[in-house]
Structure formats: C-alpha cells, structure tokens
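Accompanying notes for the structure given below.
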Amino acid sequence: QSKVKKHLFAAMAVVVAHSRPSTARGIWSSGWLVLPWLASVVSAFTACAPGRHGSRCEGACSCGPHEDCNDGIGGDGACTCMFGHDAHCSVDMIIAWEGLLDSIPQARGLGGVADLVLTNTTLLALSVDLETRRSSRQVFNASVSRVLPLPWRTALPRLALLNHAIASRIGLDAALAGAGAPGDEERRLAEALAGRQALPGSQPYAHAYGGHQFGNWAGQLGDGRAMSLGEALGFPPDTDEVARRDGSLRTFPWEVALKGAGRTPYSRGGDGRAALANAAREYFAPVYLEAVGVPVVGTLAVVASDAQEDGIARDEWYSGQVDRKKPGIVARVAPTFLRFGSFQLAAKRQGPSGLEAVARFALDALVRMEAHDDAAIAFLDRLGAPGPVPDELREKCFFGRHHTASCAANHTMQGSEWLKCLLQRVTKRTAALVAAWMSVGFAHGVMNTDNLSILGITIDLNVYGFLAGYDTSWAPNHIDDDARYAFGSQRDIAKWNLQRLADALTGTAFEEDHEPDARTWSAAGEGGGWLSRAAAELALGEFDARYEACLTARMEVRLGLPVSGDPRSSGGHLVSRWLLWLRKSGADYPRASRGLAEVMGGPSLVAARQLAEHSGVTADQDNALAEFLAELQKTAAEPCSDDVGADQHGEGKSQCHAGWGPSWRERVRAAVPAFAPRSHVLREAAKMLEMDSPIRGAGPAGEFLAALEEALREPFDDRPVALGRAEDDPREAWQGRTLTGNGDENPGRAAMEALLRSRLSALPPHHLAQIRTSCGAQ
C-alpha cells in the first residue's frame, strides 16, 4: 500500500507542476487518493487551451501575431506586446522598455525614481530563453525568460507601503515620496513598480527553477507571478545613511523583483497576480527579521489597485468559497533571487556547463556579500562596543564581513571546483541561517527547495509564523497536515534540501522524480563536469557543527552570557537547559525570553513562579526552572568564563572582562525584543491594507500600518517591563475606535503606537496563539 501511495504522490507532483497554484493544496493535503479522482483533478483544474480565457474558458483571444493574450482561467483576453516587438503592436498602451545600456552611468548619493540605474548582469551571465511568449510552457536550456509586466487596468496604482531603509539601499530617496497626499514622485514610483512605467535600463525577466515540494520532485516551477526588473545599483548593506546622502558612489547591484506583476511562462495556468492582503505579511516580516539579526530579502514597497475591475479570485482556505480580493504587487530586493531549485532545474536541462555558469554567478554575489556586514548584524551594535561576540563568530554566525576571503573569491577555479565551493558556502550559510530562525522563534512554513535562497538569506515569506507558546511541532502552513515543515523540523529539512542540491551538483538521480528523464539526465556529464559525491559529502558534513555553534552563540546573546559558540561550554549547557524548559512548559517564547531580565536577583523559586506566570504557564513541580535560574544567575554574575576571550597562554582575558561593562539585565534587554509580530495582529494589518485609503500613513488604517512598521523596525526597549499575565484582547483594543474619519475616538499616531506596542508585548489570546496561514490567500 505504501508503495502505491508513493507512486500516487509522484503523480500528484506532476499534476501540481502543471496546475494552478490554488490546486496544489487540494492535491497535497488529501494524503490518500484514488486514481479516478486524480484523473478528474487533471481535467478540471488545468488551464484553458491557448487563446481561450475566462472562468469557463468561454472567451477567445483576438490578438495580433506579435501580441500576448491574457488567456487562461483568470485571464480577460487583453492583448499586450511580446517582449521586443513594440514596433509591431497595435495595442493602445505601449510601454517603451529600453534595450541594454551601452555603458553603466555613474550614480552617486540618493535621488528620485528617474535617477535609479538598473543593470542587467543576470541576463548577461545566465542562459536566456530564446522565446518571448508569455504563455505557460516548458523552458529548456535557459535560466531566465524575458517577460514584461502586465499592468492593471487602473491608471492610478496606489503606493500602499514604502520601506525607506530599503529604498535608500538601492539609491532611492524615499523622502521624495513621503507620506501624505500622493505627489508626482510617489506616482512615478507607483507606476514603475506596477509595470506602467519603465525604469532606465530595465529588461524584465522571470527566473526558471524546479523544486522538491513536500518531498516530491515537481519539475519545472519558476517565477509564476514574479518578475525581476534588473539590478539597481545601490549601496552595500553596511553603508550608513550619512555616506549615502553625502554622495557615495553606487556600486552594489540589488536585484529588484515584482511579485504579482502578471503571468509569465511559468504561471502554470495561474493568473500571475498576488492578493493585497497577503502582501502585508510579506512586507512586515522582513522588517522585523532584519531588526533582530536574521538575514532576509528586503521588501521595498507594496503597490495596490483599488479598481474593482482589477480584482482577483482566491479560495483562501480551499473550501470552495471563492472571494474577490484586491490585487497587490510586492517589490522585493536581494543580491540575487537564485534558489536551490535554480540549480536543480539547470542540472537537468543545461548539464554541467550550464550549472557551472549559474554557480559562478551565485558565487560572484556571495563575494560581494561577504565583503560587507549584512544589514542584519546591526542589532549587535546594541550590545555595546566592542561587543560580546568574537570576530570569528560574527563572521560565521551573524553574517559579518569576512576578514579573509572565502573560496568564492578564487577566480582561478576550474570545472567542478566552482560547484564544490558553492556547496561549501551554501551549506555553512544555510546552517547559520536556520540557527538564526530557531533563536528568534521563526517558522518559515514552506521549506521546499524552490523556497530556499542559494545565498543563505530568508526569502518567500508567505505562510511563515512566529512562536507564541514554545511548540516544536507547530507548523504555520495550513496545508502542512503532516507538519513536515514544523518549527522543530527546520534543521533536518534544511539538511535534506542541501542533499537534494548536492544531487543536482553531482549528477545524481533526484529523490521522488518520476519525469521521463529521471534516470537519464545526468548522462550529459559523463565526460566530466559533475562534482564528485565524496567532495559533496565533505561539504555537507560541515552543517551540523556550524548549526550547533551558531544556535549556541545566538542563544548565549539572548541569555546575556559571554558568547562562546561552544555547546560544551557552561553557556552552551545553560542554553540546552533553557530550551528544554521551554519545550516542556510551552511557555510564550517572546515573553519568557524578555522576562528573564526582570525576574533575576531574587530567590530562584520566586523568580520561577513570576517568569512562568509572565509567560502564560504554571511553574513546574520539579523546580527545573528555578534550578536553571539559579545557575544562570550564578554564571551571569561572572564577567567572563575562563576560556572565553583568552588564548592558550591565558592572554587576552583583560579584554574579555572589559567587553562586559553593562549589567546583565541591560544585556538581556538589549538582545531580546520587547515586541514580537503576533500572527493575529498581522491579520489585522492585512485587513487594513485592503481598505480604501489613498493617503499612505493617514487615517486610522494608515496610522495602524505605520505604527506597526515602526514597532517591528525598532522592537527593542531598554526599559523594564512589568511582570504579570497581560493578555491582548483585540475587541477591547478596537472598542470605541473606527477605521474611518479622524474624530475624537481616533487619538492619532502616537496613541496608536502605544496601543500596538502594548499588544505586541502581551500574550496573544489563547484561540489566536498559534493560528496558521493558507497559501491560498496569496
């Protein structure tokens, strides 16, 4: 029976690869299926025949030979120019997309939208699809396909959210598009990010990639609703705002991608759009993750259409209830959007030579990143100079600047050496990344190989969640019935995904691959070019040590301890005891972590009762928490352990002592956020974003969104917090307030900020503590 079930899931992988995104959950979550039902799924959910459109495929396209038709179940038959055929089009609106720039103009400092400079290094470095049709199809021998954004019908797209920090990173002065009534600059930015206005040098494209989804090879996936505009020349992530404004030269390329900008060759029958409400989650999560030290894709902005004719259909919970949703576009920024799945598909369809080209491009991006501090490391500055984290651990675990170049900077490598270096760097960076996730209580939710960045940064923030009660079995994804991607499984899943990446690099047949070429594709490298399996195993073997060191180091920071990164040290022992109590008690992770700073100093039994109540649980009967607190208090009173900061001759200990000037309580308050992104509050933000509010940052809804962004951008508070069982009550929070007007019942931005900070630091209501999110809402 299990063998039959395995083959059925393989068949489902093929169906998912060629179905609408909303179909996937209905297929995967069923578990045990029968073949007749599977056959009906294939016939009922595949896209319309080419040239037909409408919910029943009742419409027929009438586009010219050089025009793409918006066909498919979600299409309306509108005609747009194929890429590169503007001169032959007869459509009403033609956007003049420029060709590749003859030379890269120098750009300094911050400027407006017209001053952005986009280059096309991805198109120049990777194999490009020779076809330019938008229609869904299989793409061979290419890593990217050129495709143009499909503008909404509205002539007035709305800039709903704008991240000033990310805007500055790519050279855009966000102050020119400040909050208030939309001005010319804001309209230009909204039009550019909605695909209605071309940016200088932009040549849009969509990435091709495959992936293992829920353990099964799903074949070609690709950017089904996303496309990149090119690489904006901006600043390295560790360039401060003063240097940017003083006119520093922009030299660091940031790939700018639009999610929800229309259909691509990889849409598989989907409409290529994204729901505005879900865009709120994608926007706010990176703000918080970067603030607490986790490398993550940057969300530049969210653009919305309030026009009824632009509405999209979504069955959020796969219940058969289809609702009309406002569409949104999320503008994202990263050094590159290559993922594990990019290499899997390249291995199958381009062979070793194509794989090497993608690897060299990814390593070039890593070289640029490793020459600078990641923006997420800035939170360590709160701990005081010179800081408690040794330079080696800053580099290995906190994504700090490499003082010695890694193998990625060696341009003399040949053949499979590129693949070996890539796997080494990705293994170590992914281990450090997952350790960072675990330390802050973050569950990604959908760790398919097409959702993990080759750079070791967090991407694809759709169905994520943050722990309330500490439950390692919690999976935030509504369709993850088997909890494959549960919080506590992330380490093992990351290792499994890295093994699948290694399969691609070594030319090894993929797990659960039932495509026709499953056992033949690796023959393309029989003459050489694949990485050896032995070299791959050596690289993969680095994962566990790096993960353990980084999790220990990050948890030592949160416990206010000297940072050793050694699980066998006294600090590592305390980390293990703390995590054990959290797992056994199910305490609220944000409140328990922050509450430590407030209970220390008194009798340990009293402190244990206080901390347990503060965290929403009762004190344990075996006094494990009290014993942990007693040991922590004893260790924290020591300025530094004997083996931290000193070499084998005992030298350097005075520096170790000097680095621990602040008190222990202050160290914990500096390292542990006072506010956490509670899932039910993010749901409220999603509703706010959908409201008809053309003025960003104004009105109760705008004030709520602005206050939430501010709290998540600055989630730390060095002031003591009051102990006690404080629980958020959303109904009470909104009692007497309205979401329209600016009357006395709406006291304004300052009061909204105070209210939100109070709610984000409180216990969530029991029924909202561990709510899940559905990818059907996207």
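As for the range 435-452, it holds no residue that is in a loop (DSSP other than H, G, I, E, B) and modelled with pLDDT under 95. None of Ala365, Ala378 is assigned to a helix (DSSP H, G or I), open to solvent by 10 Å² or more (accessible area, probe 1.4 Å) and not acidic (Asp, Glu) except Ala378. Among the residues of the range 492-546, those that are open to solvent by 60 Å² or more (accessible area, probe 1.4 Å), in a loop (DSSP other than H, G, I, E, B) and acidic (Asp, Glu) comprise Glu511, Glu526, Glu542.
Hey, could you check the range 381-393 for residues that are in contact with a helix residue (DSSP H, G or I) (Cβ under 7 Å, 6 or more places away or on another chain) and assigned to a helix (DSSP H, G or I) and say which is modelled with the highest pLDDT? The residue in question is Leu393.
So in the range 395-417, with the set limited to residues that are touching a residue at least 12 places away in the same chain (Cβ under 8 Å) and under 22 Å from the mean Cα position of the chain (by Cα), which one is surrounded by the most Cβ atoms within 10 Å (Cβ to Cβ)? Filtering the range 395-417 for residues that are touching a residue at least 12 places away in the same chain (Cβ under 8 Å) and under 22 Å from the mean Cα position of the chain (by Cα), the one surrounded by the most Cβ atoms within 10 Å (Cβ to Cβ) comes out as Cys397. Note on the range 474-491: among residues that are aliphatic (A, V, I, L, M) and at pLDDT 95 or above, the one that is surrounded by the most Cβ atoms within 10 Å (Cβ to Cβ) is Ala475. The residues of the range 251-267 that are among the hydroxyl-bearing types (Ser, Thr, Tyr) and crowded, with 24+ Cβ neighbours inside 10 Å, listed by number, are Thr264, Tyr266, Ser267. If only residues of the range 725-772 that are open to solvent by less than 30 Å² (accessible area, probe 1.4 Å) and touching a Lys or Arg at 6+ places or on another chain (Cβ under 7 Å) are counted, the one that is modelled with the lowest pLDDT is Asn746. If you filter the range 601-620 down to residues that are of a type in the set (Gly, Ala, Ser) and in a helix (DSSP H, G or I), you find that the one that is most open to solvent (accessible area, probe 1.4 Å) is Ser604. Test Pro236 against the criterion of being modelled with pLDDT of 95 or more, open to solvent by 10 Å² or more (accessible area, probe 1.4 Å), closer than 22 Å to Asp173 by Cα and under 20 Å from the mean Cα position of the chain (by Cα), and give yes or no. Against the criterion (modelled with pLDDT of 95 or more, open to solvent by 10 Å² or more (accessible area, probe 1.4 Å), closer than 22 Å to Asp173 by Cα and under 20 Å from the mean Cα position of the chain (by Cα)), Pro236 qualifies. Filtering the range 688-712 to residues that are open to solvent by 20 Å² or more (accessible area, probe 1.4 Å) and at pLDDT 90 or above leaves Ala706, Glu709, Glu710. The criterion of at least 1 residues that are of a type in the set (D, E, K, R) and either in contact with a His (Cβ under 8 Å, 6 or more places away or on another chain) or within 30 Å of His514 (Cα to Cα) (or both) is met, among strands (runs of 3 or more DSSP E) falling completely within the range 117-221, by 144-146. Pairing residues of the range 481-498 that are over 13 Å from Trp437 (Cα atoms) with residues that are at pLDDT below 95 and in a helix (DSSP H, G or I), at Cβ distances under 9 Å and at least 6 apart in sequence or on separate chains, gives Asp481/Trp28.
Here Ser569 fulfils each of the conditions (1) polar (S, T, N, Q); (2) under 16 Å from Ala626 (Cα atoms); (3) open to solvent by 10 Å² or more (accessible area, probe 1.4 Å) apart from (2).
The numbered conditions (1) within 30 Å of Ala534 (Cβ to Cβ); (2) open to solvent by 10 Å² or more (accessible area, probe 1.4 Å); (3) in contact (Cβ under 8 Å) with a residue 40 or more places away in the chain are all true for Met447 except (2). Meeting the requirement of 1 or more residues that are open to solvent by 20 Å² or more (accessible area, probe 1.4 Å), the strands (runs of 3 or more DSSP E) wholly within the range 268-362 are 312-314, 323-325. Selection of the range 745-778 for residues being of a type outside the set (Ser, Thr, Tyr), over 19 Å from Tyr589 (Cβ atoms) and part of a loop (DSSP other than H, G, I, E, B) yields Glu745, Asn746, Pro747, Gly748, Gln778. Among the residues of the range 576-591, is any farther than 23 Å from Trp474 by Cβ and either in contact with a helix residue (DSSP H, G or I) (Cβ under 8 Å, 6 or more places away or on another chain) or surrounded by fewer than 20 Cβ atoms within 10 Å (Cβ to Cβ) (or both)? Checking the range 576-591: not a single residue is farther than 23 Å from Trp474 by Cβ and either in contact with a helix residue (DSSP H, G or I) (Cβ under 8 Å, 6 or more places away or on another chain) or surrounded by fewer than 20 Cβ atoms within 10 Å (Cβ to Cβ) (or both).
The values are calculated or read from the model by the stated rules, or taken from the named source; none is laboratory data. Here the structure is a predicted model, which means the values were calculated and not measured. When we count neighbours, we look across all protein chains shown, and the Cβ atoms used for this are built from the backbone with ideal geometry, even at glycine. These area figures cover heavy atoms from the full protein model, side chains too; ligands, DNA and RNA do not enter into them. Shrake-Rupley method; radii C 1.70, N 1.55, O 1.52, S 1.80 Å.
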